[in-house]
Structure formats: structure tokens, C-alpha cells
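Every number in this text was worked out from the coordinates using simple rules, so none of it is lab data. None of these values were measured; they are calculated from a predicted model. In this analysis, Cβ positions are derived from the backbone assuming ideal geometry, glycine residues included, and neighbour counts consider all displayed protein chains.
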Amino acid sequence: MTDEPREVFNVVNEHDEVIGEAFRADVHAQGLRHRAVSIFVFNSAGQLLMQLRSATKDEYPSCWTSSCSGHVDAGEDYDTAAHRELMEELGLSARLEYLAKFPAGPETANEFTVLYRTTADEIPALHPDEIERVEFVDVDEVARRVEQLPDEYTPPFRTLLEWYVRNNT
């Protein structure tokens, strides 16, 4: 889905409990806590699909990030949002493995973020408003690139990748 300022998100407290709803633009402008999902898509060779965000994105335009990521809409749960985002952004339907949940804070753009993993070798059908391009890269190479040029990667992705490397390699 494109960055629609009229999208409605759940606003949550420090315990990820819903305390209200607000439009996307207001949530971001006011730095309110909300929910997001991120999916690491690997190919059968173990390479991570990296996404270069479109230059028209309202946050972190033209930055590299997770294979797929997005907000949890109001009334939606994390699992439903992850499957929806995977289909919307990459045209993929796959079994997702829950990996971890990250607290909302500056490093996650005030988003409680659930990270999932899946494997897919098919060529994704990229959503043109969301993604400029993708490429499969070895995880250690991604980590090296992030270390050398951190500003080319979204802060939430850097947090998720650091955790992933520490816990899964």
C-alpha cells in the first residue's frame, strides 16, 4: 500500500496495549507508538532479499531495508499484517516464521516491530510505489555494507539486522 496519510493505525502504550487510533500522518508527526512488521525473505542459497525503498516514501526514501515491511492497520494483528504486506509489496504468499518482537523506540521509529522470516526463490512482483528495486545479498555482506554506509539503510532495519546476525549466524 502506498503511504496514505489517511490510513488509521492503533496507537499503543509502552506495553503494546491499544490506547487509541490515529491517522498515519498524525502518528508519524507526533511520534506516537504504533505497530509494524518486517519480513526477511531468504532464497534457498541463504541470501537475504534487500529492498530499496521508493524515492516517494514518506519515511526513509531511497534507503535499503528489509525484504518487506509495513504498518499494522487499526484492528489488525501482527500475523495478518505480515501476510498482507508480503502480498502487497512482493506479490508473495508464504509460510512465515516468527523470530522476535522489538520494543517501540527511536531505533524502531516508535514502532513495536515483529520480525518474521521466510524462504522464497520466485522472482517477486514489486509494488512500484513502494519499492525501487531488490537484490539478494549474503547476510555477512549486508552487515558489512551497513557498517560502512549506515545512512543508506533504515534505522529499524539496522536494528533488526544486528539482532539477526547476533542470534542466527
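Under the Kirkwood approximation for Rh and a Cα-based Rg, what ratio Rg/Rh is obtained for the range 1-127? Value, to two decimals: 0.95.
For the chain, relative contact order (Cα pairs under 8 Å, six or more residues apart, normalised by length) works out to 26 percent.
Cut-off is 10 Å between beta-carbons; in what order do C63, C68 appear when sorted fewest neighbours first?
Details: C63 17, C68 27.
Sorted ascending by nearby Cβ count, the order is C63, C68.
Here the spin labels are modelled as points 7 Å beyond Cα on the Cα-Cβ line, and at N167 and V18 they lie 2.6 nm apart.
Summing Lys and Arg as +1 and Asp and Glu as -1 over all other residues whose Cβ lies under 15 Å from the Cβ of N168 gives a net charge of -2.
Could you calculate the contour length gain from N43 to E122, that is, 0.36 nm times the residue separation minus the distance between their Cα atoms, to one decimal place in nm? Intermediate values should be presented prior to the final figure.
Working: separation 79, 0.36 × 79 = 28.44 nm, distance 0.84 nm.
Once the chain is fully extended between N43 and E122, it gains 27.6 nm.
For the ranges 133-143, 30-40, 104-114, what's the packing order if you count other beta-carbon atoms within 10 Å of each residue, average per peptide, and put the highest first?
Numbers: 133-143: 14.7, 30-40: 21.7, 104-114: 19.2.
Most protected by this proxy first, the peptides run 30-40, 104-114, 133-143.
What shape does the range 59-169 take by its C-alpha gyration tensor, where a ≥ b ≥ c are the square roots of the eigenvalues and a/c under 1.5 counts as rounded, a/b above b/c as prolate, and the rest as oblate? Rounded.
To the nearest 20 Debye, how big is the dipole of the range 8-168 about its Cα centre, given +1 on the beta carbon of each Lys and Arg and -1 on that of each Asp and Glu? Kindly include the intermediate steps, with their values, before the conclusion.
Working: 14 positive and 30 negative charges, 48 e Å.
About 220 debye.
So what's the gap between the Cα centers of the range 120-169 and the range 1-55, to the nearest angstrom? Spelled out, the Cα-based centre of one part sits 16 Å from the other.
Take the Cα of Q148, step 7 Å toward its Cβ, do the same at F136, and the gap between the two points is 2.2 nm.
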